[in-house]
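Inspection log for the structure reproduced underneath, given as structure tokens.
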Amino acid sequence: MRILLLGSGGREHALAWKISQSPLCTQLFIAPGNAGTLLLGTNCPIGVTDFEAIAALCVAEQIDMVVVGPEEPLVKGIREFLTAYDGLGSLKIIGPGKEGAQLEGSKAFAKAFMERHAIPTARYKEFSASNYEEGVAYLQQHPLPIVLKADGLAAGKGVLICETLSEALQGFEAMIREARFGEAGKKVVVEQFLRGIEISVFVLTDGKQYVLLPEAKDYKRIGEGDRGLNTGGMGAVSPVPFVDAALWKKIEERVVVPTINGLQQDGIPYCGFVFIGFMIVAGEPFVIEYNCRMGDPETEVVIPRLTSDLVALLDAAASGTLSQTGLQIDPRTACTVVAVSGGYPEEYQKGHPIAGLDQQQDALIFHMGTARKDGQVVTSGGRVLAVTSFATSIAEAAAKSQRVQQQIQFKDKYWRTDIGYEFS
Ligand code: AMP
Ligand code: GLY
């Protein structure tokens, strides 16, 4: 099979690493890719939302399967575009259509979906300019903290956790009246704050059958001890020690099955990944978000734990023949530690040479924001690389990844030294 993978982050490097190991993959293209994916296939300098160029590449290279890494092309309708393109009628596409991608693309859509299908989630109400005053009154009587979510895609920045009423009122005004999160963000979901532990669960589905990949826990804050600004993710572990069979059963029965059935009942075909973000509150699972793709850096721990052939699974999803029997998981613990450019998630510099990459044999190094320039690997993003290690415990896996991070250098490098701390 000739496969095109879209994206350029650590998630895509991990997917490319796994896809390229499959005997079913005869050739792999990555668009646009990074300095890591370059070693596993052919990087093509095409942006993930340049649908016309992607379609032309699929035709020219006789691509059999497109795997869509990030959410943006899905929300913008890449599936519909490619399916309708002359000569691409039989192309297999991993990633939902525009409607299914609304699970991530619209918080209001996702909340209404969960309500309709009785999927446990935080209580909420939806507001926009048309019921602004009602929204203000709602905020005034609501217990604190309270959560405000701008409706559209906001790269993780459209969520405000407000500790005070004035913060909530200001955020509400900024979203609706000042459109600070864009036009789509003028619709706001106001929801109950849930106190608990977050975990991520990944489902690969063909819209009817599904397989469950291992769960992961992501470390979103920039600072040690989970302090400071939110990031795309500074590290991840899988499995998560407190997720036992009883919790897994609740997750599957109360959320995964109703989600897949709900898509079917609503007449929404769905082929691809569903990433379900959970808050576990006193042992009970609540959904805080859906994403229509894999997570990053969660993919860097989940995919290395998959011992089955990923391409066979993706092919089964595309052909509607998925079954849990095809899934084998490495029982060991994986821990990934992300190195970022100094300043991230705010201003940072790019283009610094990275040293020490070649000597690392004891870990998997996934590039997140790198490029090749004048024969050298340089930084080209906020999150630069993720180091994944395996061990029998989180403490040991984390220590291994830490040791490897110490041997990789670039100017102003920063990473958290406490990934997995609460389980060590
Ligand atoms: P989301 O983009 O919906 O995942 O929200 C971003 C982050 O905000 C989540 O990863 C949580 O840490 C936090 N969050 C979102 N919704 C809630 C909620 N209802 N209660 C507590 N924290 C939340
Ligand atoms: N690590 C969180 C995400 O990919 O959305």
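None of the figures in this text is laboratory data; all of them are computed from the coordinates on show. Remember, predicted model here, so these are calculated numbers, not experimental data. Cβ: placed from backbone, ideal geometry, glycine included. Neighbour counts: every protein chain shown.
So, in Å, what gap is there between the alpha-carbon centers of the stretch 205-242 and the stretch 38-92?
So the separation of the two Cα centres works out to 27 Å.
Going by the alpha-carbon gyration tensor, a ≥ b ≥ c the square roots of its eigenvalues, is the chain rounded (a/c under 1.5) or, if a/c is not under 1.5, prolate (a/b greater than b/c) versus oblate?
Since a/c stays below 1.5, the shape of the chain is classed as rounded.
Given a cut-off of under 8 Å on Cα pairs at least six residues apart, what relative contact order in percent is computed for the stretch 186-316?
It comes to 31 percent, rounded to a whole number.
Return the whole-Å distance between the Cα centroid of the stretch 287-306 and the Cα centroid of the stretch 102-151.
If we compute the Cα centre of each part, the gap is 25 Å.
At 4 °C and a viscosity of 1.567 mPa s, what translational diffusion coefficient does Stokes-Einstein give for the stretch 312-366, taking Rh as the Kirkwood radius over Cα pairs? Give it in µm²/s as a whole number. Don't skip to the answer; put the middle values down first.
Working: Rh = 15.9 Å.
Roughly 81 µm²/s, to the nearest whole number.
Bin width 5 Å, alpha-carbon pairs only: give the P(r) of the stretch 1-105 as whole percents, running from 0 to the bin holding the largest distance.
2, 14, 26, 25, 20, 10, 2
Order the peptides 70-80, 116-126, 379-389 from the highest to the lowest mean number of other Cβ atoms within 10 Å of their residues.
Working: 70-80: 21.5, 116-126: 16.5, 379-389: 26.2.
Ranking, from highest mean packing down: 379-389, 70-80, 116-126.
Under a Cβ-Cβ cut-off of 13 Å, what is the net charge of the residues other than Gly207 that fall near it, where Lys and Arg count +1 and Asp and Glu count -1? Please report the intermediate quantities before stating the final value.
On the way: positive: Arg79, Lys208; negative: Glu99, Asp206, Asp266.
Net charge in that neighbourhood comes out at -1.
Rounded, prolate or oblate: which fits the stretch 30-87, taking a ≥ b ≥ c as square roots of the Cα gyration tensor eigenvalues, rounded meaning a/c under 1.5, else prolate when a/b beats b/c?
Numbers: a/c = 2.15, a/b = 1.37, b/c = 1.57.
Oblate.
Would you compute, from DSSP H runs of 4+ residues alone, the mean residue ellipticity of the chain at 222 nm, taking -39500 (n - 2.57) per run and dividing by the full residue count, rounded to the nearest 500? Walk me through the numbers before you get to the answer.
Working: 13 runs with 116 residues, N = 424.
Result for the chain: -7500 deg cm²/dmol, rounded to the nearest 500.
Given an 8 Å cut-off on Cα distances and at least 6 residues of separation, report the relative contact order of the chain as a percent.
Numbers: 980 pairs, mean separation 70.6, N = 424.
Rounded, it is 17 percent for the chain.
Largest first, please: the extent of the C-alpha atoms of the stretch 295-424 along each principal axis, to the nearest Å.
47, 35, 29
Hey, what did the stretch 322-424 get for relative contact order, percent, Cα under 8 Å, at least 6 apart? Before the final figure, lay out each step's value.
On the way: 187 pairs, mean separation 39.1, N = 103.
Contact order relative to length: 38 percent.
If a/c stays under 1.5 just call it rounded; otherwise compare a/b with b/c (prolate if a/b is bigger, oblate if not). Do that for the stretch 146-213, with a ≥ b ≥ c from the square roots of the Cα gyration tensor eigenvalues. Spell out each step's value before the answer.
Numbers: a/c = 3.51, a/b = 1.77, b/c = 1.99.
Oblate shape, in that a/c is at least 1.5 and b/c is the bigger or equal ratio.
Among the listed pairs Lys125/Lys249; Lys18/Lys157; Lys107/Lys208; Lys125/Lys186; Lys149/Lys220, which are separated by more than 19 Å between their Cα atoms? Spell out each step's value before the answer.
Details: Lys125/Lys249 29 Å; Lys18/Lys157 30 Å; Lys107/Lys208 23 Å; Lys125/Lys186 14 Å; Lys149/Lys220 17 Å.
Lys125/Lys249; Lys18/Lys157; Lys107/Lys208, as the Cα separations exceed 19 Å there.
Could you pull out every one of the aspartates and glutamates with an alpha carbon less than 16 Å from that of Lys92, ignoring same-chain neighbours closer than 8 positions?
Correct list for Lys92: Glu61, Asp64, Glu80, Asp206, Asp315.
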